[in-house]
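Here the structure is laid out as structure tokens; the discussion comes afterwards.
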Amino acid sequence: MLFTALFASMAHAQDEDLAPVAPVDWARRAQAAEEAADPRTALEDWRRVLAATPGSRLGGRARTRIAWLEARDEADYVPLAGLMRFLGLPPAERDAGVIENFEREISAMPPGVVRAEARVAVAGEWDRLDDSERAIAAWQAALADPDLEEGDRGLVLESLAQARMVGGDLPGAIAELDAADLGSTPLHRFASRRLRAATWLPVAASVVCLFFLVVAVLVFRSGRAVEVLASLKRAPLRIAVAILMGAGPALVVAWWGDDASAAFAAFAPCSTAIVLGAFLAGEATDARSARALVGVLAIAASLAGAYVSVVAYGEALPFA
Amino acid sequence: MLTTLVLTTLVLTTLVLTTLVLTTLVLIFQRSSLMTRSIALATILLALSLGLPACESTGAVDTPDAATVMDDTGVEAPDSNVDGGPPRAPTLSYMPEGCTYMVSTPTVVDTARSRDEYGAAADPTHVHTSWAGPSESTFAVNWHTDNDTHASSLLIGTDMAAVMAADDAGVGVARSDGHYMLFTSSPTGLNPEMAHEVHVCGLTPSTTYYYRVGGPGHWSPAFEIATAPTPGSTEPFSFGVTGDSRGYEDNAWAIVEHRMMSRAVDFELFSGDAVQFGVAQDQWNQFFEQSEGSFHVQDFMAGHPMMMANGNHDSLAVNYLAQFALPQEVSPSEIGQGEEWYSFDYGNAHFVFLNDTVVNSAVLGGDEAAWLDHDLSLVDRTTTPWIFVMHHQPLYTCSTAHAPDTTLRANWQPIFDRYHVDFVLAGHNHEYDRSTPINMFDAGGGHVAPQGANGVPVITAGVPSGTIYLVAAGAGAPLYDVDPGAFATTYTGLSLRNYVTFEIDDRTLHMTAYNALTDAVIDEFTYTK
């Protein structure tokens, strides 16, 4: 690490009390000790900084770090050293084996802030590895830790619900949030939307398909399919209108550079196709009942198409 | 006024959509059957219903009215007051005592220099700091009270006990007086809010100070803040980077602030989109009031200056301009009292903030680019080896939500390349992603510059082979997916809540990116110039 190598020789010199050291160098040494997961040395060095220059910028920094370290002094800083080592590993090295080892380390830790933070860290790592089963167990363990900071409880509960969602258990996630009185959180809304989408997305897609199926049937049963299709060619204005209605809003939104561009762009071809389909159906039949049916279906298909677009491409929409 | 453009925006949008609707209706109703008319209506209504929320989330930019010209003693030109109370002035401009720079307010309902008057809720809240002048000798504080409190003062000293004991200036305690701003984003003046601002100048570099804000009998608790090292100093320092707190999901905003405070960074850079709607003061209140257990974001923001970039959701609204004190050197085409783009130094690093959400996009490659070029040309790289640029919408990103902004790339990257900018920091995409070093670009994208282990630039005679473009955002906004394989210029990308710290020790830089929720390291590198 940066400071470790830089000040290894200086640290050696200090151990032997060979030379006076400026506060800035004690600060560097303290920083190096933190990066080397050596909280005891870091604490000693920050205290030296504070003693030497309490009114300086570095003195303020030392005060903050001392307070943070002293709040995590369980078992003479051994658990904290383990946690710092674990969190400081390059992400690629925090694989399942390393996480399992650290879980064993946690089980031997005394109760305290460090153990609670370590449990949160482990749960987050299982999340990162997309192992929802172990993430759920780890979040539950974190939640059960009596030293979990009250302010973090909501976050842990939400993370647990999120892990359930990733594992495909949407009702379980929603129930978890409801039980914790987190029914108004964005995550709850998101999970509820997902649950609704799981039900309504196939329905919406079916409605869109049904509309085009009905149009196709009407066109081909008219016995003059070629003529009906050619009618669009004869009336380019209809095509223009369909494109305007479909792509117009998308263009307007894209011009604004708005977050909703993707959803509108996705809806544009669907919307255009529905309007064109309706034109074709109108050409294909004069029967009032059939035309009314297609009209109703087209409205439903428009709504359904918009719904699919928002669910699939509305990630950036504030209301999606 | 802010509202001028917001209203213009809404009117234009309505006109465009209405024209669209009417044209379509005429065409359809002239030539079509009942069925197609019904479909047309349904589709149009659908488009409108989708369009309205979309337009709501579009930012508009504040265009203040021409500011009232003031003298440097801060004497404001009063206007008549309809309710017979003290005269009200919509703008104020003055040079704070001991400072070498002028301070101007945006156009507000009422603004004036501090006077010791108090309302029922005079206790300061939302206390936060920034720099409008040199970081080694000044800082600015903003806070909020009820609308009847006009005391905008500050007590400061290096002895905490003396500052705590004082009710006014005295031995070891100085007092600075600032100004208040009663502002609103409503065109009809509804729901005004009170913001206070004080500038403190003439401080000693690298020194810890204690201060309280408010006024006699109504002081806040004491906060601790430190000045920067002298310019060009090789003293180590660190700063945090984050952005896009809007939405405040997962309590991420409070957690990020808490983490940065624990890591003892010296200050914070915020890449924009603090709120969903820049004009929504209730969202700004959330921004300033988030908490995690006993920690409140004010605990951090009151002692660690936060430098802001305007995001497309912040919209340079009056709420943004009134509640943050940023450097105000007005350059051509710049609005927002000169807070649109600015720069400052801290130790041996130079920081540039740009605005990429402008009314007239020609400004990006015009006056703003000219200012950027001029600003960077003044940096002495022998004493200031590090240059960081921050703005909102990234030139390079592997997000699946917003593509890289190639317009900004064309306008600004040649300048970044020319002056060997070390880092360009952005948000907008709620994720973490880091580019390879990049130098030059063509129609196919950026050119990957020579890189060392872990994607760091190769340094030749103190000059980096390329600029690293970093997106570090999502401190509360919905996370976006990333596709790190999509561009050769992407070094790594992750979709998670994150924050970044930079530690600079002379010519060595150490960057660490953290998972905000667990504090695990997700990316880090070190290099020396």
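The values are calculated or read from the model by the stated rules, or taken from the named source; none is laboratory data. Owing to the predicted nature of the structure, the values given are computational and were not obtained by experimental measurement. Positions of Cβ are generated from backbone atoms using ideal geometry, with glycine treated the same way; all protein chains shown enter the neighbour counts.
Observations
- B:VAL213 meets the stated requirement of being within 30 Å of B:SER186 (Cβ to Cβ), buried (at least 23 other Cβ atoms within 10 Å of the Cβ) and more than 10 Å from chain A (Cβ to nearest Cβ).
- Some residue of the stretch B:298-307 being of a type in the set (D, E, K, R), touching a helix residue (DSSP H, G or I) at 6+ places or on another chain (Cβ under 8 Å) and within 14 Å of chain A (Cβ to nearest Cβ): yes
- Some residue of the stretch B:459-473 being facing another protein chain (nearest Cβ under 10 Å) and either of a type in the set (Lys, Arg) or in contact with a strand residue (DSSP E or B) (Cβ under 6 Å, 6 or more places away or on another chain) (or both): no
- Top-ranked residue of the stretch B:177-205 - restricted to ones that are surrounded by 24 or more Cβ atoms within 10 Å (Cβ to Cβ) and among the hydroxyl-bearing types (Ser, Thr, Tyr), ranked as modelled with the highest pLDDT: B:TYR180
- Flag: A:ARG65 matches the condition of being buried (at least 17 other Cβ atoms within 10 Å of the Cβ) and either among the basic types (Lys, Arg) or at pLDDT below 95 (or both).
- Any chance B:SER245 is surrounded by 24 or more Cβ atoms within 10 Å (Cβ to Cβ) and assigned to a loop (DSSP other than H, G, I, E, B): yes
- Some residue of the stretch A:117-138 being closer than 20 Å to A:ALA30 by Cβ and either in a loop (DSSP other than H, G, I, E, B) or touching a residue at least 40 places away in the same chain (Cβ under 8 Å) (or both): no
- Residue among B:ASP314, B:ASP373 that is surrounded by fewer than 22 Cβ atoms within 10 Å (Cβ to Cβ), acidic (Asp, Glu) and either within 30 Å of B:GLY446 (Cβ to Cβ) or in contact (Cβ under 8 Å) with a residue 60 or more places away in the chain (or both): B:ASP373
- Of the residues making up the stretch B:482-498, at least one is farther than 25 Å from B:SER377 by Cβ, surrounded by fewer than 24 Cβ atoms within 10 Å (Cβ to Cβ), within 14 Å of another protein chain (Cβ to nearest Cβ) and of a type in the set (S, T, N, Q).
- Filter result (buried (at least 21 other Cβ atoms within 10 Å of the Cβ) and either under 18 Å from B:HIS510 (Cα atoms) or more than 10 Å from chain A (Cβ to nearest Cβ) (or both)) within the stretch B:248-266: B:TRP253, B:VAL256, B:GLU257, B:ARG259, B:MET260, B:ALA264, B:VAL265, B:ASP266
- Residue tally, condition surrounded by 15 or more Cβ atoms within 10 Å (Cβ to Cβ) and of a type outside the set (Phe, Trp, Tyr), over the stretch A:206-232: 12
- The residues of the stretch B:383-438 that are among the aliphatic types (A, V, I, L, M), closer than 30 Å to A:ALA266 by Cα and part of a loop (DSSP other than H, G, I, E, B), listed by number, are B:LEU395, B:ALA401, B:ALA403.
- No other residue among A:ALA240, A:ALA247 is more than 25 Å from A:TRP200 (Cβ to Cβ), over 38 Å from the mean Cα position of the chain (by Cα) and assigned to a helix (DSSP H, G or I) apart from A:ALA240.
- Qualifying residue in the stretch B:276-294 (condition: crowded, with 22+ Cβ neighbours inside 10 Å, more than 24 Å from B:TYR480 (Cα to Cα) and among the aliphatic types (A, V, I, L, M)): yes
- Within the stretch A:49-61, if we keep just the residues that are more than 8 Å from chain B (Cβ to nearest Cβ) and part of a helix (DSSP H, G or I), the residue that is surrounded by the fewest Cβ atoms within 10 Å (Cβ to Cβ) turns out to be A:ALA51.
- A:GLN162, sole failed condition from (1) more than 12 Å from every other protein chain (Cβ to nearest Cβ); (2) surrounded by 18 or more Cβ atoms within 10 Å (Cβ to Cβ): (1)
- Residue pairs meeting the criteria (Cβ under 6 Å; at least 6 apart or on separate chains; first β-branched (Val, Ile, Thr), in the stretch B:425-451; second assigned to a strand (DSSP E or B)): B:THR436/B:VAL448; B:THR436/B:GLN451; B:THR436/B:TYR491; B:ILE438/B:GLY446; B:ILE438/B:THR467
- Of all the criteria given as (1) surrounded by 21 or more Cβ atoms within 10 Å (Cβ to Cβ); (2) within 12 Å of another protein chain (Cβ to nearest Cβ); (3) outside any strand (DSSP E or B); (4) not acidic (Asp, Glu), the one not satisfied by B:LEU509 is (3).
- Residue check for B:THR492: over 22 Å from the mean Cα position of the chain (by Cα), part of a strand (DSSP E or B) and modelled with pLDDT of 95 or more: yes
- Filtered by the rule that a residue be assigned to a helix (DSSP H, G or I) and not hydrophobic (A, V, I, L, M, F, W, C), the stretch A:149-163 gives A:GLU150, A:GLY151, A:ASP152, A:ARG153, A:GLY154, A:GLU158, A:SER159, A:GLN162.
- Those residues of the stretch A:273-320 which are at pLDDT 85 or above and outside any helix (DSSP H, G or I), in sequence order: A:THR285, A:ASP286, A:ALA287
- Taking first residues from the stretch A:61-81 that are more than 21 Å from A:ALA121 (Cβ to Cβ) and partners that are of a type in the set (Val, Ile, Thr), the Cβ contacts under 8 Å between residues at least 6 apart in sequence or on separate chains come to A:ARG61/A:VAL49; A:ALA62/A:VAL49.
Yes or no, residue by residue, for (1) modelled with pLDDT of 95 or more; (2) closer than 30 Å to B:ALA349 by Cα; (3) among the acidic types (Asp, Glu); (4) not in a loop (DSSP other than H, G, I, E, B):
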{"position": "B:PRO86", "(1), (2), (3), (4)": "no, no, no, no"}
{"position": "B:ALA112", "(1), (2), (3), (4)": "yes, no, no, yes"}
{"position": "B:THR129", "(1), (2), (3), (4)": "yes, yes, no, yes"}
{"position": "B:GLY133", "(1), (2), (3), (4)": "yes, yes, no, no"}
{"position": "B:SER137", "(1), (2), (3), (4)": "yes, yes, no, no"}
{"position": "B:VAL141", "(1), (2), (3), (4)": "yes, yes, no, yes"}
{"position": "B:THR149", "(1), (2), (3), (4)": "yes, no, no, no"}
{"position": "B:LEU155", "(1), (2), (3), (4)": "yes, yes, no, yes"}
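- Checking A:SER192, A:SER184 one by one, the residue that is modelled with pLDDT under 85 and loosely packed, with under 13 Cβ neighbours inside 10 Å is A:SER184 and no other.
- Subset of the stretch B:216-232 [surrounded by fewer than 19 Cβ atoms within 10 Å (Cβ to Cβ) and not in a loop (DSSP other than H, G, I, E, B)]: B:GLU224
- Hits in the stretch B:341-374 (condition: under 16 Å from B:LEU425 (Cα atoms) and under 16 Å from the mean Cα position of the chain (by Cα)): B:TRP341, B:TYR342, B:SER343, B:PHE344, B:PHE351, B:VAL352, B:PHE353, B:LEU354, B:ASN355, B:ASP356, B:THR357
- Annotation note: of A:ALA250, A:ALA235, A:ALA273, A:ALA240, the sole residue that is buried (at least 18 other Cβ atoms within 10 Å of the Cβ) and facing chain B (nearest Cβ under 10 Å) is A:ALA250.
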